[in-house]
Structure formats: C-alpha cells, structure tokens
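See structure below.
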Amino acid sequence: MRSGSAGLVCSFLLLSVCGLATAGANPGSSSTAARITQSIDESIKVPAGSTAPLAAGSIDEGAVDESFALEHVILQLHRGVAEEQALESVTRELTDVHSSNYHQWLTASELGERFGPASADIRVISQWLTGHGIQVNSVSGSGLTIDFSATAAQVRETFGTEIHRYTVNGHSHIANVGAPKIPAALASVVTGVVSLNDFMPRAALIKKQPKSPFSFDCKNCPGGFDNQELYFEAPGDLATIYNATPLYSGHITGKGVTVVVLEDTLIRSADVATFRKAFGLNKYAGTFHQIHPGPGCSTPAVTAAEGEAALDAEWAGAVAPDANVEMASCADSTTNFGAFIAAQNLLDSEEPPAIMSLSYLACEASIGPGPNGNGYIEALWQQAAAEGVSVFVAAGDGGAAGCDDFDTATYAAAGIAANGFASTPYNLATGGTDFLDTAENANPQYWRSSNSATGKSARSYIPETPWNDTCAGSVFYEYAGYSDPISFCNSTLGASFLDIGGGSGAPSFVYSKPYWQQGVFGVPQDGARDLPDVSLFASNGFWGHAILFCMSDAAQGGAPCDYSNPLDVLSNSAGGTSFTAPQFASIQALIDQKAGGRQGNPAPVLYDLAKLQFGSASRPNKGNVSACNSTNGTGTASFCIFHDVTVGNNDVPCYGTVNCYDPLGGAGYGVLSVSDSTLQIAYPSTPGWDFATGLGSVNISNLVWAWP
C-alpha cells in the first residue's frame, strides 16, 4: 500500500520538502545544459498561460480577497529540443522488442537527470517564485512541473493577473481575468501556469436512464418490445462475451499485479466487498485499498464523484479478480484536480504502479488552448510511459462532440472535439459500444432467461454497434423506419431523442499522429492522434443493456446493492466509457501477469497486432476483416483479437455552424459532420479502425496469448 511521502524521489524535489534546510537550494543534478542565460527583468514579460474558456461569457462577480489562497498551482516547464527528441527515441525503444532498451524502464530520478531541465534552471525559477513570497512545494521527478501555493495578491504581483469570482450556470467559480505572464528570460524553460481556476474534470459516468425505442410506435419495429426484458452486464457476462473465462482455468487471473484507479473522493470500501461477493469475485485473493499518496495530498471528502470512483474500483478488479486494486485519491486543491496530484506523486515514488486508470473528461480546448494545460497532461502520461506504467483513459461520452456537456446538452454546439486527458500519445483511449441483439430481435440467442449464482446470463459474444443514445444513430433511425438522421431528428418521434450521449471519438488538434497509430487499415492519414483506440460495451440502457456496479451512499444518490431487487438493480446500473477504462486496466493486469511484468504504454503492441489482423491501408487483409466482423456474432473467427464493429455510428444531433450539417438552415436540427456543406457523418463505423470504436472490442484470451 502506498501512502504518505515515503519513497519520493528527492533529486528533483525542493530540499525543504525532503527535510533539508533551504527551499531555494539546488534540487538535484542534471546532465542537461542550462537554458536560462539572461538575468530576470520584470519589466519585460511574455504571456505564459491562458484564461479559462469555461468562464468566458459568465457573470463576473469581482476580485477575490487579496488573501485568497491558491493551493498546488502548477508551473509547467519544457525540455530542450534535443532532450525531447532523445526521450522520444528512448520511449519508443522501451516497447520495441528488438531494441536493447526493451523494457529498460526509467525511474523518475533518471528521467529528470537525463532529460529534464537543468537543475540550475529549476533553481533560478524556484528562487524567482520565492522572491515574490510564493511557497514552492515540490518539483516533479521529471523536472517538468513546479507545484506552488500563493495568495491572490501574490499571483497578481507575480503573474500580472487578478483572480475573480464568476457565476457559471448558477455555480460559483474562481478564475484568472487575464493570461498570466512571466519574465521573458524564463521563457526558454517555462511553458506557463497550467491553471488558475477551479473548473474540475467531469466524471465519465452516465447514470441517467435514457429514453428507449421500446415505448414508441416505430414504423417497422419488431413486435414484443412493450415489456422488453432488461439485460445487465455483470463481471461473469463480460468474461463470457469477451472470452476471458479460459484464462481463469489457466490461472491467469491478475495475481500479483496492482491496478490503480485515480480519483478525488472517498468511497465506502464495503461497496467494493458487496460487489465482489454478489458476483462471485470474493473467492479470489484480489484486495482493495484506498490510499492518499503524498506529498500535498489531502484526504478528500466524499463527493458527487463517489459513484464514479466506486465503479472504477469495482471493475478494475472484475476482469482480473486476483489483482490488487488501489484507489489513489487526493482532495482537489484550489486549482488542481486531486486525481492528478495522486498520479504525479505515485509516478515520483520509488515503486510506481504498473497500471493506472482515469475516467474523467475535459476537452482539449477547455484544458487550455495553449501548451500549458494540455502539456501538463502530456508530461504526466509521458512520465508514466517512460516508467513502464500502462495508462487507460476513458475516451468520453458525448459522441464526437467532446466539448459539449453530455449530462445536459440535447445537441452539439461546439463541434468535433476529443477528451484531452485521453488524446496524448502515451495512454490508451477507451471507447464504448452497445449490443445489437435487441435491434435484431435476437435477445434469446445471446442471453439465458435466468442468471447463474454469480449473476451471469450471457451465452456468448454478442454483435456490437457504437454506443449511441441519439436520433442521429443509424441503427436507431433505420430501426424506426427512417433513411437518414436529418429527417428522423426533425420528426415528432426523433425529437424525443435529441441527446449527445454516446461513445466518443475524434481527432486531436493538439497531438500529431504517433508512430504506432500509422499504417493500420482504417486509420486516416490526417496527421493527428485519433481516438479511441479500443472499445468495450458501455451503454446505459438505450437498447435494454447497462452495466452493474455498487454505490450504496444515499447522500450521493446511491441505493442498496440488492441485486435481487429490480429497483436497486436499476439504481446500481449505468453506462459510459467510465467503465471501459478500468475494465481495460483489468485486462492489462492479465497481460502483465502472463508477460511477467509491467508493459508500459500498450498502444504500440495493440496496433502492431491490429496490423496483423486487419492489414495496412495499402494492403488490407480482406479475409480477416470479413472473418472478424462483429456482425458475425458467434460466427466470428476463433483467431480474432479484435471484433471489428462495422454497423452504426456515434453521430449526434447539432445546431449551429460548427461541424454541423444542417440543410434546414437553422429551421431545425442538423447532425455532426466533418463538413458543414455536405453530410459527412462524424463518425460512421467502417471496416478496420474508425472514430466510432477504434480497433473495436477485444477477445481477451486471444489478446493475452498473442501479447509478445
């Protein structure tokens, strides 16, 4: 169990944090050359950060008190060009089985010493901050972030911007009025201030019950759906559908592997125990602990994210039932997300975890239009990849409309966007599917009429489609007897399904296409990092299927976890790519056990395996593409690693002029499109990789045995 400050790497922590005398002393040694060569002139400043996009257009309530404390603010630094190129080369070699550096993972101190900013530069920047009365708390092991605390007055004096209160959608927030600035002499090393606001990420949990096609009189709907039976995915169902069960008989159960889920709340540990007992996981030796890794990690309260954290903790150990699950949580600071505080401290420890999972969302634009915000996330996951940590991040729950609020929006207005926590080249982005059996009137073919003692009722693999709760979903509008999404979304029936809920996928506007994503059949030659990478079932009940979890805290909307009570089952069921991130983390635990150790960023291996199955853009393996089509259902070839999802889309209705095809000219609703002038659905399922489900879902046993 990791807690407290034991094991922290002191070579890049300020000496006061490591128990030594002087905060401004040399924090460590670095082999890189100093880049700050000019004396600091406070009269010559340059922008180093941005304002919060979410505060734009809101009600400005005026400046906060001068003494208002901003805790754990992050100042982002960057490497020199040569160091960045060298680290990129080493990181690539770490997952190249033919390289002498294969799996020669770096420690946090090695990362900082070999590739981080020079210790002299870090000392100069730290002394500049403390010279303004600012408290420097720590420097990350990579040397790329300086954690500091300051009052609003100190921020104004140091960075030239006031902190104001804003009312946003009825809620009070704080944010900086103008972009922060730094002396030009520091710009060769300092990227900027990551955040001077308290807009925190959203949990990728869809608990609201969607409208269902069954309650409407569709033109061509099959009969018998008025009293449609609901089928909920329990751990045993997932193991059957995605073929994990054969691994358990071979004693590949995740034994000896630790999976960490990153949160900013406490949960009831008893809920995890209840979940494991209800579904027969308690016969395995997997453990669960809540930890709060220091320094600067305050134990959080129970928050509205309790449901998210509970399902993460439960499903992170559900596919690999012998794995040890740790929920690493810290309280949010004034300006920083508690899960990121926990992640950074774990990565700076002497024994970082092998696997991390994060199920929170913020689109790239809202994180920060400049490199300071997105650069913070990139540096975090880049450090993880260098240390051999596999990071899984939910792709999102708003279709391709990553900047719109999936909890409240009935249509997309902000265009195509990706989840910035998931779009870096150093993590795996997990998307979401739904099952096709209900739309095909074939439930009995894939589900038994009763549950086993551990809640399992699935018979086999089930054909999949992108998860889509909206009128723009092609499976739905065709099911309802319509030929296109525009006419359906503007019909009386379709208007009842104006929503943006669905598995997310989109190109990044921040990151270029990583080497490992190139050349796979279906991957576009767009020069961008494209999401998602892989998917699993994630629906919240639209076609009669959702996922079970346990959260019994009534104060946060929970209910007793009595799975024999239909109302409790409904209360403890949900959807969202919230589930697919910890599920894939649990799959990785099986891989790590079989492989004998940590595997780092799994993306290069997954895409190499995809090239073998699907072929390349120039030479597709049409036989395998056909044999591994998800629509084959139980007839999918036994050798397939990926189930290629080819039916449906993750398109959503839209209004406006941003990535919105609207032939009605504002008189109705359009649908999200790559083009405003012609209908180019964003995005359809296609053979091979696509923006709707990535490489598709996986046959877990085949994936584990094919792993090099």
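The values are calculated or read from the model by the stated rules, or taken from the named source; none is laboratory data. If you're wondering where the values come from, they're calculated on a predicted model, not measured in any experiment. Every residue, glycine as well, gets a Cβ built from its backbone with ideal geometry; the counts of neighbours run over all protein chains shown.
When GLY57 is tested against (1) buried (at least 16 other Cβ atoms within 10 Å of the Cβ); (2) closer than 22 Å to GLY373 by Cα; (3) free of Cβ contacts under 8 Å to residues at least 24 places away in the same chain, exactly one condition is not met: (1).
Taken together, ALA108, ALA86, ALA175 contain a single residue that is farther than 19 Å from TRP381 by Cβ and either touching a residue at least 60 places away in the same chain (Cβ under 8 Å) or surrounded by fewer than 24 Cβ atoms within 10 Å (Cβ to Cβ) (or both), which is ALA175. The single condition among (1) farther than 18 Å from GLY112 by Cβ; (2) at pLDDT 85 or above; (3) in a loop (DSSP other than H, G, I, E, B) that ILE36 does not meet is (1).
One line per residue, one yes/no per condition, for (1) in contact (Cβ under 8 Å) with a residue 40 or more places away in the chain; (2) touching an Asp or Glu at 6+ places or on another chain (Cβ under 6 Å); (3) not assigned by TED's automatic domain parsing to the domain that holds ILE547:
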site	(1), (2), (3)
SER249	no, no, no
GLY256	yes, no, no
VAL259	yes, no, no
THR265	yes, yes, no
SER269	no, no, no
PHE275	yes, yes, no
GLY280	yes, no, no
LYS283	no, no, no
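Taking the listed residues ASN624, ASN649, the one that is polar (S, T, N, Q) and crowded, with 23+ Cβ neighbours inside 10 Å is ASN649, with no other qualifying.
Go through the stretch 318-409 and tell me which helices (runs of 4 or more DSSP H), entirely inside it, have 1 or more residues that are in contact with an Asp or Glu (Cβ under 7 Å, 6 or more places away or on another chain) and on the phi < 0 side of the Ramachandran plot. Don't jump to the end; show me each part of the working.
Details: elements: 338-347, 364-367, 371-386.
Ranges flagged: 338-347, 371-386.
Scanning the stretch 482-507 for residues that are under 25 Å from THR577 (Cα atoms) and in contact with a Leu (Cβ under 8 Å, 6 or more places away or on another chain) gives CYS489, SER504, GLY505, ALA506, PRO507. Residues that are crowded, with 17+ Cβ neighbours inside 10 Å and hydrophobic (A, V, I, L, M, F, W, C) were ranked within the stretch 430-466; the one that is modelled with the lowest pLDDT is ALA439.
Within the stretch 579-615, track down each residue that is of a type in the set (Gly, Ala, Ser) and part of a helix (DSSP H, G or I). Hits for the stretch 579-615 are ALA581, ALA585, SER586, ALA589, ALA595, ALA603, ALA610. Of all the listed residues (VAL523, VAL510), the sole one being touching a Phe, Trp or Tyr at 6+ places or on another chain (Cβ under 6 Å), touching a residue at least 12 places away in the same chain (Cβ under 8 Å), under 30 Å from ASP608 (Cβ atoms) and among the hydrophobic types (A, V, I, L, M, F, W, C) is VAL523. Listed conditions (1) surrounded by fewer than 24 Cβ atoms within 10 Å (Cβ to Cβ); (2) in contact with a strand residue (DSSP E or B) (Cβ under 7 Å, 6 or more places away or on another chain); (3) aliphatic (A, V, I, L, M) are all met by LEU672, apart from (1). For the stretch 268-295, filtered to residues that are among the aliphatic types (A, V, I, L, M) and touching a strand residue (DSSP E or B) at 6+ places or on another chain (Cβ under 7 Å), the residue that is nearest to GLY557 (Cα to Cα) is VAL272.
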